[in-house]
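Here the structure is laid out as structure tokens; the discussion comes afterwards.
Taken together, the values in this text are just the output of simple stated rules run on the coordinates, not laboratory data. Note that the structure is a prediction, hence the values are computed from the model and not measured. In this analysis, Cβ positions are derived from the backbone assuming ideal geometry, glycine residues included, and neighbour counts consider all displayed protein chains.
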Amino acid sequence: MKINVMTDVLEANDRIAAANREIFNRNRNLVVNLMSSPGAGKTTLLERTAEALAGKAKLGVITGDIETSRDAERIEKHNIPAVQLTTGTACHLDANMVASAFPYLDLSRIDILIIENVGNLVCPAEFKVGEDCKVMILSVTEGDEKPLKYPLMFRESSLLLINKIDILPFTNFNMEEARANALKMNPELEILEVSCTTGQGIEEWVSWLTQCWQNRVESLRSA
Ligand SMILES: Nc1nc2c(ncn2[C@@H]2O[C@H](COP(=O)(O)OP(=O)(O)OP(=O)(O)O)[C@@H](O)[C@H]2O)c(=O)[nH]1
Ligand SMILES: [Mg+2]
């Protein structure tokens with residue numbers, strides 16, 4: 001007898017993700033699963049997003065790390081509710097881990113919930129958590145060939161943010177090559193170039209996000 005453990009694990013995860021989805025629907029949340037390799041700039045993007053959305057939409061964050069609550073503490077400084085999930089050894093968040101944050105967040109008071117996944121370019125893309133969409137960050141220090149080597153995350157994402165463009169001149173990152181490689185993996189992928197340090201491109205990212213939120217509100221209204 002042959003048991004496909006990975007298929008069973010993903011099916012079990014999908015059932016919990018569907019239950020999360022119902023909770024997000026009831027609370028009218030837009031939910032974004034934010035993924036990247038370690039250090040690409042997820043938390044810094046959330047800090048810039050918190051500043052840009054202040055007074056416009058209510059942001060909430062669930063953030064996953066192997067250890068420490070440093071990321072949640074950084075986000076809370078911007079007066080955003082944030083729950084830190086520490087996974088111990090797990091290299092991604094799954095639907096059950098995300099559900100374990102619900103008792104600590106008032107979802108009814110959140111418009112846009114961003115789930116910062118564990119820094120890892122592979123496993124987070126495999127596990128649905130009940131999100132509306134996946135957004136990923138690739139920073140210019142990681143190499144323009146990464147879409148070819150780690151295709152799944154690029155395939156699963158709706159938007160790619162190419163971050164740290166302020167230091168582009170000091171790297172051998174070829175922007176055209178990176179864009180072409182990413183689109184080869186996913187022709188539908190939207191791409192924005194940003195710098196979370198200088199703020200370049202953040203306005204475009206925030207208008208992408210608020211458009212998604214408006215679409216979500218509209219579709220819930222007509223459901
Ligand atoms: N030069 C430059 N540095 C950046 C930019 N965005 C983030 N950083 C720096 O990159 C480092 C990592 O940023 P984080 O936001 O902690 O990255 P992260 O993806 O949340 O990291 P993990 O949660 O550990 O996976 C920090 O030192 C940031 O200041 C950027 O646009 N330009
Ligand atoms: Mg982080």
Starting from the Cα-Cα distance between R221 and N25, subtract it from 0.36 nm times their residue separation and give me the gain in nm to one decimal.
69.5 nm
Which of the lysines could a cross-linker bridge to K2, judged by Cα under 29 Å and excluding same-chain residues fewer than eight apart?
K128
Taking a spot 7 Å from the Cα of L152 along the direction of its beta carbon, which residues of segment 14-40 have an amide N less than 17 Å from it?
14-15, 17, 33-38
Report, by chain and number, residues whose modeled amide H sits under 5 Å from the one on I62, excluding near sequence neighbours (fewer than 5 apart, same chain).
V83, I114, I115, E116
Those GluC sites (Glu not before Pro) from segment 1-82 that are DSSP loop and have at most 12 other Cβ neighbours within 10 Å turn out to be E67
Difference of contour (0.36 nm per residue) and Cα-Cα distance, E188 to S69:
39.3 nm
Value at 222 nm in deg cm²/dmol, rounded to 500, when DSSP H runs of n ≥ 4 in the chain each add -39,500 (n - 2.57)
-12000 deg cm²/dmol
With label points built 7 Å along Cα→Cβ from the Cα atoms of T141 and K58, find their separation and express it in nm.
3.7
Among trypsin sites (Lys or Arg not before Pro) in segment 42-115, those in a DSSP loop whose Cβ has at most 11 other Cβ atoms within 10 Å are K77
Diffing segment 84-98: the Karplus 3J(HN,Hα) column from phi (6.51, -1.76, 1.60, θ = phi - 60°), in whole Hz with x for Gly and Pro, holds 8, 9, 9, 8, x, 10, 5, 9, 7, 9, 10, 4, 5, 4, 4
Would you mind giving the average projected area, over all directions, of the Cα convex hull of segment 98-162 in nm² with one decimal?
5.1
Nearby lysines by direct alpha-carbon distance to K164 (threshold 21 angstrom, same-chain neighbours under 8 apart not counted):
K42, K134, K146, K149
The answer for GluC sites (Glu not before Pro) in segment 125-223 that fall in a DSSP coil and have at most 14 neighbouring Cβ atoms within 10 Å is E145, E188
Kindly state, to the nearest 0.05, the FRET efficiency for N96 paired with F170, given R0 = 35 Å and r defined as their beta-carbon distance.
0.25
For segment 5-221, count all C-alpha to C-alpha pairs, find those more than 21 Å apart, and express that count as a whole percent of the total.
52
Taking neighbour Cβ counts within 10 Å as the exposure measure, how do V83, V61, V122, V206 sort from fewest upward?
V122, V206, V83, V61
